[in-house]
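Worksheet: one structure, shown below.
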Amino acid sequence: MDTSSPTAPDHAGVVVPPPLIYLACFLVGLGLQQVVALPRLPAAPWRLVGVALLASWLALTVASFRRFLAARTSVIPVRPTTALVIQGPYRFTRNPMYLGLLSLYLGVACWLGLLWPVLLAPVLVWVVQRSVIQREERYLERRFGGDYRQYCGRVRRWL
């Protein structure tokens, strides 16, 4: 059901591409490490955690992209969404691509033993939620109405 108004743009209006937000936060973490050095995470357990997180990023990203391709809708938040994707990983989380990017972000940080990016992860989640997810949610509710509200009632935003 399309409940979009003729004056509202037919996209979420996300200003900064989400991968750039994750990258910027990681770079801030690297910069902080140079200014206020924190001890590195021990390689032995944290590299394994990093590998597991990188594997989850790959799985979530591939599965999410496949669902979008199958639905013939765009993954790019400044393009119109033509279908409500609720299968695959979208049955468990409304934002598997952003969860996947967080897994990539944390996986690289753990692999490299960097504590600053790990400590900045809650700030990153807050920024993504405020600047990306909330815009997308308003757009999807406007675009799909009750179908989207029902989906939100069944599936959590993150996990």
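The values are calculated or read from the model by the stated rules, or taken from the named source; none is laboratory data. Every value quoted in this text rests on a predicted model; they were computed, and no experiment measured them. We place every Cβ from the backbone using ideal geometry, glycine too, and count neighbours over all the protein chains shown.
Remarks
- The helices (runs of 4 or more DSSP H) falling completely within the stretch 61-159 that include 3 or more residues that are touching a residue at least 40 places away in the same chain (Cβ under 8 Å) and of a type in the set (D, E, K, R) map to 134-144.
- Residue selected from the stretch 78-107 under the condition among the basic types (K, R) and modelled with pLDDT of 95 or more, by the criterion surrounded by the fewest Cβ atoms within 10 Å (Cβ to Cβ): R91
- Residue in the stretch 25-37 that is under 16 Å from the mean Cα position of the chain (by Cα) and not hydroxyl-bearing (S, T, Y) present: yes
- Selection within the stretch 3-60 - among the hydrophobic types (A, V, I, L, M, F, W, C), more than 19 Å from R130 (Cβ to Cβ) and not in a helix (DSSP H, G or I): A8, V36, A37, L38, L41
- In the stretch 114-144, the qualifying residues are those that are more than 15 Å from V16 (Cα to Cα) and in contact with a Phe, Trp or Tyr (Cβ under 6 Å, 6 or more places away or on another chain), and the one that is surrounded by the most Cβ atoms within 10 Å (Cβ to Cβ) is P117.
- None of V28, V36 is farther than 19 Å from E136 by Cα, surrounded by 14 or more Cβ atoms within 10 Å (Cβ to Cβ) and not small (G, A, S) except V28.
- Test: residue in the stretch 49-63 that is hydroxyl-bearing (S, T, Y) and modelled with pLDDT under 95: no
- Among the residues listed as R66, R47, R72, R94, the single one being charged (D, E, K, R) and more than 29 Å from Y151 (Cβ to Cβ): R47
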